[in-house]
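A short write-up of the structure that comes next.
The values are calculated or read from the model by the stated rules, or taken from the named source; none is laboratory data. What you see is a predicted model; the values in this text were computed from it and never measured. Methodologically, a virtual Cβ is constructed for each residue, glycine included, from the backbone with ideal geometry; neighbour enumeration extends over all protein chains shown. Each accessible area value is taken on the protein alone, full model and side chains, heavy atoms only, with ligands, DNA and RNA left out. Shrake-Rupley method; radii C 1.70, N 1.55, O 1.52, S 1.80 Å.
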Amino acid sequence: MRGGVLRVTVLGSGSRGNAILVDGTDGSVLVDAGFGVRSLTRRLALVGRRPEEIAALLVTHEHTDHASGAAAARARWGWPGYASSGTIEGLDRTGEHRPPPWQPFVEAGATSVSGFTIETTAVPHDARDCRALAITDVRSGARVGIAMDLGRVPETLTAAFARLDLLVVESNHDEEMLARGPYPWSLKQRISGGLGHLSNGDAAALVSACAHPGLRAVLLTHLSEINNRPAMAIAETRAALRRVGWTGDAVHAAGQRIPLAAVAANGATSGPSRNDQLGLAL
Ligand SMILES: [Zn+2]
Ligand SMILES: [Zn+2]
C-alpha cells in the first residue's frame, strides 16, 4: 500500500495569494509563491516548517496571486524555479532580485525534481501558458494532481489526473452567488468564461471524473471570499463524489488567511488544529 509519505499542505489559497507545500520521500517542493517572503516564512512556521527545507519552486502561471513572491523567495533561499516556457516569459524578472535562471518544464515527458516527477497539462486560463501538475513521489509511487486557475477542464486533464491519491483543484465560485454578487459585469464574464476560473459545479465534475477507489482526499482551493462559501463548495463536490460511488469522506476547503492542515497520501490529516492556527492568525 502507498504510505503517508507524500503530504500536501496548502499554505494559503485565493485571489490574494497561493502556495502549496508538497512533501515527498526525498524532499519538498513548493507549488506557487503568491505571498511575500515574510508571509511565506510565517505560514511555513505555522505548520512547523522552514523555507530552507524546500528544494525547488514550481509555478503554475505568472499571475501575481501565484508568482508575486517567486523572485524574492528564490533570491533569498536559492530555490531552483520551474515553469512552462510561456510562464517564464511572463514572469517579472526585473527589480533588485537576482534569482537563478528559471528552468522550463520538460514537455511530453516528466521533469525530475527532488525525488518527484512532474508531468504538466496545459489548461485554458487568461495567462500565457498555465499548467496543471501531476506530481509523483518516485519512491512511494503516490501521486497528487494540482489544478489551479482554469476556465474549463480539457479532456487531457482528466486523463492526466487518473489514479491520483490526492487531488487539489480550484473551486472558485458558486455560479449563482457570482451572478447575483457585486462584481461588475465584465469581471463576472471573465471569471465564469472559458479562460477564467472553475465554479463549484465545474470542480465537482472534474473531481468526480477523476474519482477512483484509490483517491484518498480532495482539497478545494482558490475559493472566492465574495462569491463562495467553503461549506457550499465542499457539499457540491461531496454530492458529485457520492453519485459516482466514491466512499471516502475527506474533502477539504483551503482558506486565504491560514494554512490548511497537512493531508497525506493515505488521506490522514496532521499538523496544528484550526483553532491553534487561529490563535496565531497572520
Ligand atoms: Zn489565481
Ligand atoms: Zn490566474
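Checked against (1) open to solvent by 50 Å² or more (accessible area, probe 1.4 Å); (2) of a type outside the set (Lys, Arg); (3) at pLDDT 95 or above, ASP65 passes all but a single condition, namely (1).
For the stretch 154-201, the set of residues classified as touching a strand residue (DSSP E or B) at 6+ places or on another chain (Cβ under 9 Å) and of a type in the set (D, E, K, R) consists of ARG163, ASP165, GLU170, ASP174, GLU175, listed by residue number. Checking each residue in the stretch 16-35 for being within 16 Å of ligand 1 (Cβ to nearest atom) and either open to solvent by 10 Å² or more (accessible area, probe 1.4 Å) or not β-branched (Val, Ile, Thr) (or both) picks out ARG16, GLY17, ASN18, ALA19, LEU30, ASP32, ALA33, GLY34, PHE35. When you go through (1) away from ligand 1 (no atom under 16 Å from the Cβ); (2) among the β-branched types (Val, Ile, Thr); (3) open to solvent by 10 Å² or more (accessible area, probe 1.4 Å) one by one for VAL123, which number turns out not to apply? Of everything listed in (1) away from ligand 1 (no atom under 16 Å from the Cβ); (2) among the β-branched types (Val, Ile, Thr); (3) open to solvent by 10 Å² or more (accessible area, probe 1.4 Å), VAL123 misses just condition (1). Every condition in (1) open to solvent by 70 Å² or more (accessible area, probe 1.4 Å); (2) farther than 23 Å from ASP65 by Cα is met by ARG257 except one, and the failing one is (2). From the list VAL207, VAL218, VAL244, VAL251, the lone residue that is away from ligand 1 (no atom under 16 Å from the Cβ), of a type outside the set (Ser, Thr, Tyr) and touching a His at 6+ places or on another chain (Cβ under 8 Å) is VAL218.
When we screen ALA147, ALA160 for residues that are of a type in the set (A, V, I, L, M), within 16 Å of the chain's Cα centre (by Cα), within 16 Å of ligand 1 (Cβ to nearest atom) and at pLDDT 95 or above, the only hit is ALA147.
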